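Here it is, the structure in full.
All of the numbers you see were taken from the coordinates with simple rules; none came from a lab. Keep in mind that what you see is a predicted model, and the values were worked out from it rather than measured. Reconstructed Cβ throughout: ideal geometry from the backbone, glycine too, with neighbour counts over all protein chains shown.
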Amino acid sequence: MMINGGLSLIRESISTLNKPEQRAAQYILEQPQEIVRLSIQELAKRSDSSSSAIIRLCKNLGMDGFRELKLRVTGDLQQSGNGGEEFKEIQPNDDIPTLIETITNNNMYSLKETMKVLDSLKVEKAVEALYNAKRIDFYAAGASQLAALDGQHKFMRINKHCTAYADTHLQLTSAVTLGQQDVAIGISYSGETVHVIDAIKEAKSNGAITIGITKCGANGLSKEVDIHLETISSESDMRSAATSSRIVQLNVVDILFIGVAGKNFDDSIAYLRKSRQSLQQTYRKK
């Protein structure tokens with residue numbers, strides 16, 4: 001299996017790096033074909049950085065070392081050579097057909113980029129924790145709250161006690177009442193939503209397993225959680241609310257839900273059918 005996602009990880013994380021790491025990262029973005037043939041010392045010299053800064057860069061990107069970074073960049077270059085889609089900016093005067101194509105392609109691009117960086121071992125660990133959880137709490141705000149509500153809706157339908165309060169006071173109050181048999185999930189693309197971090201800290205201090213769904217790289221939320229699930233969302237400057245970030249968050253929630261449901265397939269199907277039948281009988285026209 002080809003590994004890739006190196007360039008996406010760098011683009012997402014570059015603003016959080018220190019100056020020497022940023023210089024190396026920028027050089028990699030500008031000369032990806034070149035760096036796959038360089039040693040760490042050669043890259044340090046050409047980027048006016050240092051070997052230690054490049055090692056820290058790899059660590060901040062969640063990689064084992066410079067060799068893995070080069071392998072991932074090589075995978076990116078191979079995929080690009082095979083005609084992979086790229087993110088496209090939305091222009092002020094785009095007509096409706098162009099908007100339909102651009103926004104759809106950008107959402108697909110973000111999903112594919114997230115697939116590159118989403119660690120299957122971390123997802124497996126998260127699924128196992130959720131499967132064994134007595135209670136699940138979601139904490140989010142804004143557009144991320146939509147993903148939290150979607151998670152609540154899905155997990156409730158397979159008989160999981162689950163909350164996704166929109167009120168920040170209720171989120172914190174709920175976190176206080178969690179215990180060692182529970183799981184708390186914080187959703188924030190930036191990873192810097194203060195009340196989400198506070199709720200996660202409270203949940204963790206009470207013994208709950210904590211999961212964070214954020215952008216790639218180090219951020220406030222990723223530093224607090226037990227399991228960090230990374231996403232990538234390349235979005236246009238012309239946006240009034242999160243678009244691709246919401247799509248990738250919903251996708252991660254779907255992955256977690258299907259993973260948990262699949263561990264007890266027969267009971268999950270029975271609960272889903274029961275809830276669907278109840279909703280149909282109550283709300284659909286006879």
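Could you check how many percent of all C-alpha pairs in the stretch 1-141 are farther apart than 18 Å?
The answer is 64 percent, as a whole percent.
Report, in whole Å, the centroid distance computed from the Cα atoms of the stretch 100-121 and the stretch 257-286.
Using only Cα atoms, the two centres lie 28 Å from each other.
Picking from 147, 208, 229, whose Cα lies most toward the positive end of the charge dipole for the chain (charges on Cβ: Lys, Arg +1; Asp, Glu -1)?
208
Here's a follow-up. Among 7, 79, 63, pick out the residue whose Cα is farthest towards the positive end of the charge dipole of the stretch 1-82, where Lys and Arg carry +1 and Asp and Glu carry -1 on C-beta, about the Cα centre.
63
Using all Cα-Cα distances in the stretch 1-49, what percent lands in each 10 angstrom bin from 0 up to the longest?
Cα pair-distance distribution for the stretch 1-49, in percent: 26, 56, 18, 1.
Under a straight-distance cross-link criterion of Cα-Cα below 17 Å, which aspartates and glutamates are reachable from residue 112, leaving out those fewer than 8 residues away in the same chain?
12, 76, 85, 86, 101, 230, 235, 254
Something else now. Add -39500 (n - 2.57) for each DSSP H run of 4 or more in the chain, then divide by its residues: what number comes out at 222 nm, to the nearest 500 deg cm²/dmol?
Per the formula, -18000 deg cm²/dmol.
Let me ask something else about it. Using only Cα atoms, find the angle between the long axis of helix 194-205 and the longest principal axis of the chain, and express it within 0 to 90 degrees, rounded to the nearest 10.
70
Per residue of the stretch 103-120, what does 6.51 cos²θ - 1.76 cosθ + 1.60 with θ = phi - 60° give for ³J(HN,Hα)? Whole Hz please, x for Gly and Pro, Karplus curve as stated.
Along the stretch 103-120, the couplings run 5, 5, 5, 5, 5, 5, 4, 5, 4, 5, 5, 5, 4, 5, 9, 6, 6, 5 Hz.
How many Å³ per residue does the convex hull of the Cα positions in the stretch 121-184 occupy?
82
Something else about it: What Kirkwood Rh does the stretch 92-212 have if only Cα atoms enter the pairwise 1/r average? Answer in Å. Mind dumping the intermediate values first?
Details: mean 1/r = 0.0639 Å⁻¹.
Averaging 1/r across every pair of different Cα atoms and inverting gives 15.6 Å.
Let me ask you something else. With a cap of 16 neighbouring Cβ atoms within 10 Å, and only residues DSSP puts in a loop, list the trypsin sites (Lys or Arg not before Pro) found in the stretch 150-249.
Taking the stretch 150-249 and a limit of 16 other Cβ atoms within 10 Å, the loop trypsin sites (Lys or Arg not before Pro) found are 223, 239.
Now, a different point. Return the Rg/Rh ratio of the stretch 148-282 with Cα-based radii and a Kirkwood Rh.
1.00
What is the set of long-range amide H partners of residue 165 at a cut-off below 5 Å, with H atoms built 1.01 Å from backbone N?
138
If eta is 0.890 mPa s and T is 25 °C, what Stokes-Einstein diffusion coefficient results for the chain, Kirkwood Rh from Cα pairs, in µm²/s? Don't skip to the answer; put the middle values down first.
Working: Rh = 20.5 Å.
So the translational diffusion coefficient is about 120 µm²/s.
About the Cα centre of the chain, what is the dipole size in debye to 20, counting +1 per Lys and Arg Cβ and -1 per Asp and Glu Cβ, all else neutral?
The calculated dipole for the chain is roughly 840 debye.
Let me ask something else about it. Which residues' amide hydrogens lie under 5 Å from the amide hydrogen of residue 210, considering only partners 5 or more residues apart or on another chain, with H built in the peptide plane?
Those qualifying (amide H under 5 Å, at least 5 residues apart or on another chain) are 184, 226, 227.
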